[in-house]
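Read through the structure below, which is laid out as structure tokens, and then see the notes.
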Amino acid sequence: MFSNLPPVTKALLIANALVFVLQLLLGDFALAMFMLWPLGAGTGAPAPYEFLPWQLLTYGFMHGSFGHLAFNMLALLMFGAPLEHVWGERRFLTYFLTCVAGAAVCQLAVGWWTMSNGGPAYPTVGASGGVFGLLLAYGLLFPHQRVMLLIPPVPMKARTLVIVYGLIELLLGFSGWQPGVAHFAHLGGMLFGWLLIRYWRGQPPFGGRRGPPKIRIVR
């Protein structure tokens, strides 16, 4: 199955796995400059504990544990491959990286607000922002495709899955019931993915068609 994956999805899976191996071999401290640090985190502290521009993308290839990596890569496999088959390699990669960077922008805003209120400066890692963007796109392109959750093992339509996950992330983000997870980064990946799709389709708040005609696949 792995040999039949589209090239960008396969490359992303390999890249994330290789980076995780590097984290295990070198330690997180050696790769700290590639994590996403809040704005102003380096004040009074030596580098690399500060925000650097490339972190908008590099943090999305690092993970905090094997379980974190496995969950994100499974989602990338499930939702990324069908989207790449529909969009093609370049458009799919553009979309995924936009979601990763968009999630980073939202997390930077949350980190700045946290630090402004006396909270700690901590880094963010993980491809979850990009994965949640893929989930949104899958729900838009395949709204009636049935997807089986892992926990709990309940089948539901892709459109319903997007709504459920979005509401859960919103609730957890505002309630603080699950600290240590970048819930607003997940929502940021979905938001920027939604905006990019509307931009390609020439829909409000954007004007003028920028991409191919709207594609809607219903199963």
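Quote the relative contact order of the chain in percent (integer), defining contacts as alpha-carbon pairs under 8 Å separated by 6+ residues.
Computed value for the chain: 21 percent relative contact order.
Starting from the amide H of residue 157, placed 1.01 Å from N in the peptide plane, find each other amide H under 5 Å away whose residue is 5 or more places distant or on another chain.
147
Report the full-extension gain for the segment residue 89 to residue 203: residue separation times 0.36 nm, less the Cα-Cα distance, to one decimal in nm.
38.8 nm
So what's the gap between the Cα centers of region 105-127 and region 71-91, to the nearest angstrom?
Centre-to-centre distance over Cα atoms comes out at 28 Å.
Say R0 is 30 Å: what FRET efficiency, to the nearest 0.05, do residue 145 and residue 122 get from their beta-carbon distance?
In this case the efficiency is close to 0.25.
What nm distance separates the two modelled labels at residue 70 and residue 195, each placed 7 Å from Cα along Cα→Cβ?
Taking the two extended label points, one gets 3.5 nm.
Can you pull a Stokes-Einstein diffusion coefficient for region 2-201 at 25 °C (0.890 mPa s), Rh from Kirkwood over Cα pairs, as a whole number of µm²/s?
In µm²/s, the coefficient is 142.
Scaled to the compact-protein estimate 2.2 N^0.38 Å, what is the alpha-carbon radius of gyration of region 1-109, rounded to two decimal places?
Taking the Cα Rg and dividing by 2.2 N^0.38 Å, one obtains 1.16.
Going by average Cβ density within 10 Å per residue, which order do the peptides 120-128, 137-145, 28-36 take, highest to lowest?
Sorting 120-128, 137-145, 28-36 by mean packing, highest first, produces 120-128, 137-145, 28-36.
So what's the gap between the Cα centers of region 12-40 and region 178-202, to the nearest angstrom?
22
How far, in nm, would the chain grow between residue 159 and residue 18 when pulled straight, counting 0.36 nm per residue and subtracting the alpha carbon separation?
Fully extending the segment from residue 159 to residue 18 adds 47.5 nm.
Skipping prolines and chain starts, which residues have an amide H placed within reach, meaning under 5 Å, of the one on residue 52, given they are 5 or more residues away or on another chain?
Here the answer is 37, since their amide H atoms fall under 5 Å of that of residue 52.
Starting from the Cα-Cα distance between residue 109 and residue 31, subtract it from 0.36 nm times their residue separation and give me the gain in nm to one decimal.
Between residue 109 and residue 31, full extension yields an extra 25.8 nm.
Positive end of the charge dipole of region 2-201 (Lys, Arg +1 and Asp, Glu -1 on Cβ, about the Cα centre): tell me which of 61, 153, 130 has its Cα farthest that way.
Result: 153.
Taken together, the values in this text are just the output of simple stated rules run on the coordinates, not laboratory data. Quick caveat: nothing in here was measured; it's all calculated off a predicted structure. Please note: Cβ atoms are built from the backbone with ideal geometry, for glycine as well, and neighbour counts cover all protein chains shown.
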